[in-house]
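So the structure is just underneath, and the comments pick up after that.
The values are calculated or read from the model by the stated rules, or taken from the named source; none is laboratory data. Keep in mind that this is a model prediction, so the values were computed, not measured. Methodologically, a virtual Cβ is constructed for each residue, glycine included, from the backbone with ideal geometry; neighbour enumeration extends over all protein chains shown. Note: areas computed on protein heavy atoms with side chains; ligands, DNA, RNA excluded. Shrake-Rupley method; radii C 1.70, N 1.55, O 1.52, S 1.80 Å.
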Amino acid sequence: MHIATRGRALSVIALLGVVVYATAQISDKISKVTTGPVRQGQPVTIEAELINPAIVQRVEVAYRPFGEQTYKRMEMSIVGNIASATIPPDQMIPPFLEYYLLIYPQNSTTPETYPLENADGHPLRVTMEEAQPVSKYITVLSPEEQGSVTPDDLFISFTVRKDTIVDSAATQILVDGANVTKFAVMSGDLFILRPENASLTLSSGDHSVQVEIYSRKNELIERYQWNFKITGGIEAPVMVQKGWQYGGSLQLETRNEKIDTLPGQPYNRATLLGNASNGNFHARGKIYVTNEEQSHRQPQDRFSLTAEIPELRLGLGDLYPVYPDLIMNGLRVRGVSGELSLGSFDLAVSSGQLLRSIEGNLIKTFPHDSLTEEQGRDPGASYRLYRPGDSLWAKYTDGTYARNLFVIRPKFGTPSSFLGFTFLKSKDDPQSIFFGDKPEENLVAGSDFFISIANHTVELNGQAAMSATNKDITNGTFTDQQIDSTFTGSDSASDRRQARNVKKWLSHFITVNENLIPLTAKYFPTLAYEGGISINAADNALRFNYLRHGSSFESFGQTFVRPDVVGFNISDRQRLVRNSLLLSLGYERLNDNTAHTKAATTTSTTANIGISYFPQSELPSATVAYLFASDDNGIPTADSTFSVDDHTNRVVVQLNKDFFYYGRHQTMLSVSTSVRDDLTKRNLDTKNTSISLGVTSNYQIPLQTVVNLLVSLNTLPTTDLAGHTTSMSRNYTTLFLRGLYRLDGDRIQLSATVSPTLGDVGRTLLDGGAQYYFTKRISAVADLSLYLNKDRDNDLIGSLIVRMDL
């Protein structure tokens, strides 16, 4: 098998492998969730396939690393029927990442979770390998992992363990991506490569070696990579490829959905991608158009154009700029963004529109003398004069103001040590719509730093930000007389004085009136800061983080920062037994009530321990974890409905094993249980247990299969007709069978899926698809999915996609 063909086959295996975890839950809004390749310290993309995207307003992902109780949240980008989000690399900490999804239906502020049952306490998991997994077949001799070596002392050597399945002669060696196998000397199980024999000129800096081990049946068994650094050498000149290079693709999709009793909904979409490069210049463009684009919704079409050289990057269109995550983290901005890099100085700027204006809906008009009656009949509606100077009033539903944003961030230093400053200004345009309520304005200023010591052995990081938010700028900045009338009473003299000072300084940047937060600096309610230290030495990774988010901190560029929390978390990961054993420990303690305005302070505590085993033998890899969490506000449980006192115990066990038998098989067994004991009068006890067994197989014939069995047992609280809390069970079993067969040298690919769900949830998925390559650059994919539902009408979804690579 040719190496390129191997890569293609493996990519199919990887796609099938993630399906094992994608179909484990039941939802009438999401058909499956998949994740990309998972590795410590590398970002991972989570994708959710929506069954009916027309009824979904937005989707968020809540995620947390192992050992933490607090979930961070991120809005997922929805393109067509796929919602996706990329989890940042600093959150990918072994042994696993936990997450769940929140799906907001159209015209609703109450989300549905995925999974449905106790998602916060019993979430989904992404299990990951260590940053440097132990090889089953390779022992590295030189240079050492993350070691430093001079050019004169450099040579690459390793041994391949003898095994009846391994074909040592088929071993492939790549240095910085270049295949140099034919220049290596092989003696028994020892491989030696000297760079000069391969005409390699390696400059000072970081480099990588990748070794691929193949079986006697010419199948890839293992791909192992390690990194090293060359010091004291001469910098090699940058090789610039001459001439223009172009690429692109065009994809056309038509999709029709018949969901329950709703009429059929057609979707027509087109995606055009393009790229061009010439030497160090690179440009990329994207145009996505869909018939889902409607004036009463936020933009569904997407377009972007980015261009860059090493010193400058510019973007235009729908962009997702990333700044320190207290201030802004990947929200879509339609506008311009750029970054200038001049060695020890960087400058990043973004400007554009966060929200476009959507006019509210006029319900009715009526005379002024009917206002009191109308408000009494419908107090939840909005009311205003229909025309200035007129006695006619309007009843309406609120629209959305256009919200603009500007961010600037100068940064000083290098990637290993820097200091940055960030300023964000965001403001609603009160003139953008007529039927709206309370346009807002937001101002955030902050600073962050990062220091690396001894080649990242010790890392220090921190960030702080102060916000000011005005919840209604309709009437502009108030006068001193209005300040005096707002703060009355003999004990308000200091408040009046402080409000004048706030107005004096802030009115140049933000509207200052009685709706501004904060009007007082007591307890610093709009200050947020975080800081931490990481120590990576002697196969040990120790982290300590401290955080405090004021009760009123807010940034329009980062809508998911948890306010009103203060505390710390500490974790330690120790690699043992030649890196085959990973021990993880964690402890977190958080309090709320940072402004001292609540009757009681709730303390949240999390403690955990995890052990992961990556054997160098034929034994399966294993992860066992125990997690304990509690919330307690100190109010006696028998005396008050405001009491908080609950404890959660969770146990997770997962086994993974790869083996060969007429093909490669990847097996997984996962058992997890969560028990929450609510000691208050509400008695909101929950118990969740899930057992999942999956096998992904790639046979010697062009067939791949996935078999997955999920058993989900849930005991959940419910309220009876008398208002008493009781418990209910929700148990179901899902069997997932999927096959993919390739014909005519991969020119034709046929797939079929059968997935029945039995128990308290009744649904069967039948899916069939075919992909045909007319040429290497032109292909078509047809797919038909039928959901047979027990308690409602069936769902039918069909799609056709034509793709052309330019």
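One residue is enough: does the range 563-572 have a residue meeting the conditions open to solvent by 30 Å² or more (accessible area, probe 1.4 Å), under 30 Å from N470 (Cβ atoms) and not in a strand (DSSP E or B)?
yes
Of G338, G315, which residue is out of contact with any Lys or Arg (no Cβ under 8 Å at 6 or more places or on another chain) and open to solvent by less than 60 Å² (accessible area, probe 1.4 Å)?
On the way: G338 fails: out of contact with any Lys or Arg (no Cβ under 8 Å at 6 or more places or on another chain).
Result of the check over G338, G315: G315.
Among the residues of the range 507-546, what is the count of those that are in contact (Cβ under 8 Å) with a residue 40 or more places away in the chain and within 20 Å of Y587 (Cβ to Cβ)?
7
Restricting attention to the range 160-172, and to residues there that are of a type in the set (A, V, I, L, M) and surrounded by 17 or more Cβ atoms within 10 Å (Cβ to Cβ), which single residue is nearest to Y224 (Cα to Cα)?
To start, the set of residues in the range 160-172 that are of a type in the set (A, V, I, L, M) comprises 160, 165-166, 169-170.
Still in the running and surrounded by 17 or more Cβ atoms within 10 Å (Cβ to Cβ): 160, 166.
Working: V160: 11, V166: 15 Å.
Taking the candidates together, the pick is V160.
Name the one entry in Y63, Y114 that is over 25 Å from E292 (Cβ atoms), at pLDDT 85 or above and open to solvent by less than 30 Å² (accessible area, probe 1.4 Å). Break it down into steps so the answer makes sense when it comes.
On the way: Y114 fails: over 25 Å from E292 (Cβ atoms).
Answer to the check: Y63.
Could you list, in sequence order, the residues of the range 495-519 that are part of a loop (DSSP other than H, G, I, E, B) and more than 22 Å from K427 (Cα to Cα)? Even if it seems obvious, please write down each step before you answer.
Of all residues in the range 495-519, those part of a loop (DSSP other than H, G, I, E, B) come to 507-515, 518-519.
Hits for the range 495-519: nothing passes.
Starting from residues that are among the β-branched types (V, I, T) and more than 30 Å from I451 (Cα to Cα), keep the ones in the range 491-541 and report whichever is surrounded by the most Cβ atoms within 10 Å (Cβ to Cβ). Lay out the reasoning, then the answer.
The initial filter retains those residues of the range 491-541 that are among the β-branched types (V, I, T), namely 502, 510-512, 517, 520, 526, 533, 535.
Subsequent filtering for residues that are more than 30 Å from I451 (Cα to Cα) retains 502, 510-512, 517, 520.
Numbers: V502: 19, I510: 19, T511: 22, V512: 25, I517: 18, T520: 15.
The residue in question is V512.
Can you run down the residue pairs with Cβ atoms below 7 Å, 6 or more apart or on separate chains, where the first is in the range 754-767 and in contact (Cβ under 8 Å) with a residue 24 or more places away in the chain and the partner is in a loop (DSSP other than H, G, I, E, B) and surrounded by fewer than 20 Cβ atoms within 10 Å (Cβ to Cβ)?
G759/N731; D760/R730; D760/N731; G762/K790; G762/D791; R763/K790
Which ones in the range 374-398 are among the hydroxyl-bearing types (S, T, Y) and either part of a loop (DSSP other than H, G, I, E, B) or more than 17 Å from G360 (Cα to Cα) (or both)?
Y386, S391
Identify all residues within the range 542-562 that are buried (at least 18 other Cβ atoms within 10 Å of the Cβ) and farther than 22 Å from F450 by Cβ; write none if there are none.
G550, S551, S552, E554, F556 - these are the residues of the range 542-562 that are buried (at least 18 other Cβ atoms within 10 Å of the Cβ) and farther than 22 Å from F450 by Cβ.
Go through the residues of the range 711-729 one by one and say whether even a single one is over 18 Å from E117 (Cβ atoms), open to solvent by less than 70 Å² (accessible area, probe 1.4 Å), of a type in the set (V, I, T) and at pLDDT 90 or above.
no
Only one of (1) of a type in the set (S, T, Y); (2) part of a strand (DSSP E or B); (3) open to solvent by 40 Å² or more (accessible area, probe 1.4 Å) fails for T734. Which number is that?
It fails just one condition, (3).
Exactly one of these conditions fails for S31: (1) closer than 30 Å to E588 by Cα; (2) at pLDDT 80 or above; (3) open to solvent by less than 30 Å² (accessible area, probe 1.4 Å); (4) of a type outside the set (A, V, I, L, M, F, W, C). Give me its number.
Checking S31 against (1) closer than 30 Å to E588 by Cα; (2) at pLDDT 80 or above; (3) open to solvent by less than 30 Å² (accessible area, probe 1.4 Å); (4) of a type outside the set (A, V, I, L, M, F, W, C), the one that fails is (1).
As an exercise: evaluate Y99 against (1) in contact with a Leu (Cβ under 7 Å, 6 or more places away or on another chain); (2) surrounded by 17 or more Cβ atoms within 10 Å (Cβ to Cβ); (3) modelled with pLDDT under 85 and give the number of the one condition it does not meet.
Checking Y99 against (1) in contact with a Leu (Cβ under 7 Å, 6 or more places away or on another chain); (2) surrounded by 17 or more Cβ atoms within 10 Å (Cβ to Cβ); (3) modelled with pLDDT under 85, the one that fails is (3).
Of all residues being of a type outside the set (F, W, Y) and assigned to a loop (DSSP other than H, G, I, E, B) in the range 65-84, which is nearest to L50 (Cα to Cα)? Just the residue, please. Explain how you work it out, then say what you get.
Taking the range 65-84 and keeping what is of a type outside the set (F, W, Y), we get 65, 67-70, 72-84.
So of that shortlist, the ones also assigned to a loop (DSSP other than H, G, I, E, B) come out as 67-70, 76, 80-81.
Working: G67: 30, E68: 29, Q69: 28, T70: 26, M76: 12, G80: 9, N81: 5 Å.
Step by step, filter the range 65-84, then rank; the result is N81.
Looking for whichever is among the polar types (S, T, N, Q), open to solvent by 40 Å² or more (accessible area, probe 1.4 Å) and either closer than 30 Å to Y137 by Cα or modelled with pLDDT under 95 (or both) here; the options are T597, T680. Which one fits?
Numbers: T680 fails: open to solvent by 40 Å² or more (accessible area, probe 1.4 Å).
Result of the check over T597, T680: T597.
If you go through the range 244-282 one residue at a time, how many are open to solvent by 60 Å² or more (accessible area, probe 1.4 Å) and not in a strand (DSSP E or B)?
Summing the residues that are open to solvent by 60 Å² or more (accessible area, probe 1.4 Å) and not in a strand (DSSP E or B) in the range 244-282 gives 5.
Out of all the residues in the range 66-75, which are in contact with a Leu (Cβ under 8 Å, 6 or more places away or on another chain) and modelled with pLDDT of 85 or more?
Across the range 66-75, the qualifying residues are R73, E75.
Filter the range 176-225 for residues that are open to solvent by less than 60 Å² (accessible area, probe 1.4 Å) and part of a helix (DSSP H, G or I); which is modelled with the highest pLDDT?
Looking at the filtered set, the residue picked out is T181.
Contact list please: Cβ distance under 6 Å, first residue in the range 148-168 and over 18 Å from R664 (Cβ atoms) and assigned to a loop (DSSP other than H, G, I, E, B), second residue of a type in the set (D, E) and open to solvent by 20 Å² or more (accessible area, probe 1.4 Å), pairs at least six apart or on different chains.
Close Cβ pairs satisfying both conditions: K162/D189.
Name, by its number, the condition in (1) surrounded by 16 or more Cβ atoms within 10 Å (Cβ to Cβ); (2) in a loop (DSSP other than H, G, I, E, B) that does not hold for S304.
(2)
Give me the pairs: first residue in the range 365-382 and over 18 Å from D398 (Cα atoms), second residue open to solvent by 20 Å² or more (accessible area, probe 1.4 Å), beta-carbon distance under 8 Å, and six or more apart or on different chains, which are they?
Going by the 8 Å Cβ cut-off, the qualifying pairs are P367/S391; P367/L392; P367/W393; H368/S391; H368/L392; H368/W393; S370/W393.
Hey, can you tell me all the residues within the range 621-669 that are open to solvent by 50 Å² or more (accessible area, probe 1.4 Å) and assigned to a loop (DSSP other than H, G, I, E, B)?
G634, P636, A638, D639, T641, F642, Y661, Y662
Could you tell me whether the range 424-447 includes any residue that is among the basic types (K, R) and assigned to a strand (DSSP E or B)?
Let us first name the residues in the range 424-447 that are among the basic types (K, R), namely 425, 427, 438.
Still in the running and assigned to a strand (DSSP E or B): 425, 427.
Checked against the condition, which is being among the basic types (K, R) and assigned to a strand (DSSP E or B), the range 424-447 yields at least one hit.
Filter the range 142-159 down to the residues that are out of contact with any helix residue (DSSP H, G or I) (no Cβ under 7 Å at 6 or more places or on another chain) and at pLDDT 80 or above, then identify the one that is most open to solvent (accessible area, probe 1.4 Å). Write out each step before concluding.
The initial filter retains those residues of the range 142-159 that are out of contact with any helix residue (DSSP H, G or I) (no Cβ under 7 Å at 6 or more places or on another chain), namely 142-153, 155-159.
Those left that are additionally at pLDDT 80 or above: 142-143, 155-159.
Working: S142: 24, P143: 9, F155: 65, I156: 4, S157: 6, F158: 2, T159: 32 Å².
Filtering the range 142-159 for residues that are out of contact with any helix residue (DSSP H, G or I) (no Cβ under 7 Å at 6 or more places or on another chain) and at pLDDT 80 or above, the one most open to solvent (accessible area, probe 1.4 Å) comes out as F155.
Kindly indicate which of S108, S142 is more than 17 Å from the chain's Cα centre (by Cα) and within 29 Å of Y613 (Cβ to Cβ). Don't jump to the end; show me each part of the working.
Numbers: S108 fails: within 29 Å of Y613 (Cβ to Cβ).
Just one listed residue meets the conditions, S142.
Which one is surrounded by the most Cβ atoms within 10 Å (Cβ to Cβ), of the residues in the range 399-411 that are outside any strand (DSSP E or B) and touching a Leu at 6+ places or on another chain (Cβ under 9 Å)?
Initial filter on the range 399-411 (outside any strand (DSSP E or B)): 399, 401-402.
Cutting the leftovers down to touching a Leu at 6+ places or on another chain (Cβ under 9 Å) gives us 401-402.
On the way: Y401: 22, A402: 19.
Checking each candidate, the answer is Y401.
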